[in-house]
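For reference, the structure discussed in these notes is given below.
The values are calculated or read from the model by the stated rules, or taken from the named source; none is laboratory data. What you see is a predicted model; the values in this text were computed from it and never measured. FYI the Cβ positions are ideal-geometry reconstructions off the backbone, even for glycines, and counts take in every protein chain you see. The protein model used for the area step is the full one, side chains on, heavy atoms only, and it has no ligands, DNA or RNA in it. Shrake-Rupley method; radii C 1.70, N 1.55, O 1.52, S 1.80 Å.
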Amino acid sequence: MNTSTLYKLTLAIGLFGLSLPLLLQAQPLLQDPPAPGFPHHMGPALADNKQGPGLPPYLRGLDLSEAQEDQIFALMHDQIPALREQQKQRRHALDELDALAKAPSFDERKAQQLAEKLSEIEKQFVLSRVRNDFKINGILTAEQRKQLEETKAQFGKHKPQEPVKFTPQNSKKPALTLI
């Protein structure tokens, strides 16, 4: 056997040996097929969720009937083109503002117009969200609305994590303290 062949064989065996642990760890994932009716990238985790994709996350945990799910899904689906258009308009307005900030001279009137355009886009987005939430509330039963309010109240009780305060290293205080 010549040196070149021996080198290639050693390299191939070494690479196989290094990749073997990764292949063995990946095997359980290969054995777990995706849930029927769900795209492969959503995986089996969504199969346990009674609510399908397309429903707002804040409705998770509510016992919705299939008819309610269908109504809410249709409501959400119908607004997608308008939301897409609003998002494109928002992105274009932000790009124009960014270009204006980088321009050699500042045009105050143009900046005011773009800011007003952006605020109108944001206003329409907020109004459409409120209208949509109103329509969803109309689909829910009184008991489901009560459960949703309790869930929202419970969510508001969680206290955010304390911020971390960093101090200079030459200080006599500890380097990391909680405020």
*On the full set of protein chains, 1.4 Å probe, figure out the accessible area of residue 5 and give it in Å² to the nearest 10.*
70
*asked:* List the aspartates and glutamates whose Cα sits under 17 Å from the Cα of residue 102, skipping any in the same chain fewer than 8 residues away.
replied: none
_Charge tally in the Cβ shell below 11 Å around residue 79, where Lys, Arg are +1 and Asp, Glu are -1, residue 79 excluded_ = +2
*How much accessible surface does residue 84 have with a 1.4 Å probe, in Å² rounded to 10?*
130
*Reachable aspartates and glutamates from residue 123, Cα under 15 Å, same-chain residues fewer than 8 places away excluded?*
85
*Rounded accessible area of residue 63 (nearest 10 Å², 1.4 Å probe)*: 100
_Under a crude label model (7 Å from the Cα following the beta-carbon direction), how far is residue 149 from residue 115 in nanometres?_
4.0
*asked:* Ignoring ligands, DNA and RNA, please state the percent of accessible area on the stretch 53-142 from carbon and sulfur, probe 1.4 Å.
replied: 57
